[in-house]
Amino acid sequence: MFDFKGKVAVVTGGAHGIGLCICERFKEYGADTVSVDINEPCTFKGDISDKDTLEKIAEFVVEKYGKIDFLINNAPPPSFGIENAGYEDFENAMRIGVTAPFYLSKLFSTYFREGGAIVNISSSRDRMSQPGTESYTAAKGGISALTHALAISFAGRVRVNSVSPGWIDTCNNEFGGADALQQPVGRVGKPLDIANAVLYLCSDMAGFITGENICIDGGMTKQMIYHNDYGWKLEK
């Protein structure tokens, strides 16, 4: 389906969950993949909320490969709410969720090769919320907006898109009943659902797509659910 031989992909938050699956798929199709995370296993261990770390990541990639083809900004920001978030908590979420993707895009800007692409991982929370998720939701909304801004600034050089996952099970659980039925496709999502979309957006097949946000949520954000629908009950 894809051929990424000779390509270099950098994936933040690549040690687990969606990021790990993206890395595995890139490797499966021949790409040299640099996984960045604060946890192991990864290619480059570091905290992307730190400016010096971001510069070291770019230096590492450029020294080793001399170029970059795909940048996947996947590392998730922490989630704090209005009741428990201090100033520093909220600021840190912005650094991880918005500032790091911006700065990595800037650091790599002159090293992208022809056909290069950036894919930002947002969330369906960029358009809907639960109580007490302000830092995460704001960061995801920010990266969705950053996507179309970068797409215009990189016009003709690098395509920039974002993916907004819905409910994605990263722990290999089995969900049925109301959990599955609230999604029109009838199941909870899997990391592979997101990874496949990311690889598509990086491929030549998506050569006419830039500045877009694709919500991959099994239709969950399109389905209205009221009390007693699909086994869900409102309890207060």
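The values are calculated or read from the model by the stated rules, or taken from the named source; none is laboratory data. All figures in this text were calculated on a predicted structure; none of them were measured in a lab. For neighbour counting, all protein chains shown are included, and Cβ atoms are generated from backbone atoms with ideal geometry for every residue, glycine included.
Structural remarks
- Restricting attention to region 130-157, the residues being out of contact with any Lys or Arg (no Cβ under 8 Å at 6 or more places or on another chain), surrounded by 15 or more Cβ atoms within 10 Å (Cβ to Cβ) and outside any helix (DSSP H, G or I) number 2.
- Residue in region 158-173 that is nearest to the chain's Cα centre (by Cα), counting only those that are hydrophobic (A, V, I, L, M, F, W, C) and assigned to a strand (DSSP E or B): 163
- Filter result for residue 122 (touching a Lys or Arg at 6+ places or on another chain (Cβ under 6 Å), crowded, with 16+ Cβ neighbours inside 10 Å, at pLDDT 95 or above and not β-branched (Val, Ile, Thr)): yes
- Residues of region 191-230 that turn out to be in a loop (DSSP other than H, G, I, E, B) and over 14 Å from the mean Cα position of the chain (by Cα), as a count: 14
- With respect to the conditions (1) under 30 Å from residue 204 (Cβ atoms); (2) in contact (Cβ under 8 Å) with a residue 60 or more places away in the chain, residue 139 lacks only one, and its number is (1).
- Considering each residue of region 7-17 in turn, none proves to be surrounded by fewer than 16 Cβ atoms within 10 Å (Cβ to Cβ), over 20 Å from residue 149 (Cβ atoms) and in contact with a Lys or Arg (Cβ under 7 Å, 6 or more places away or on another chain).
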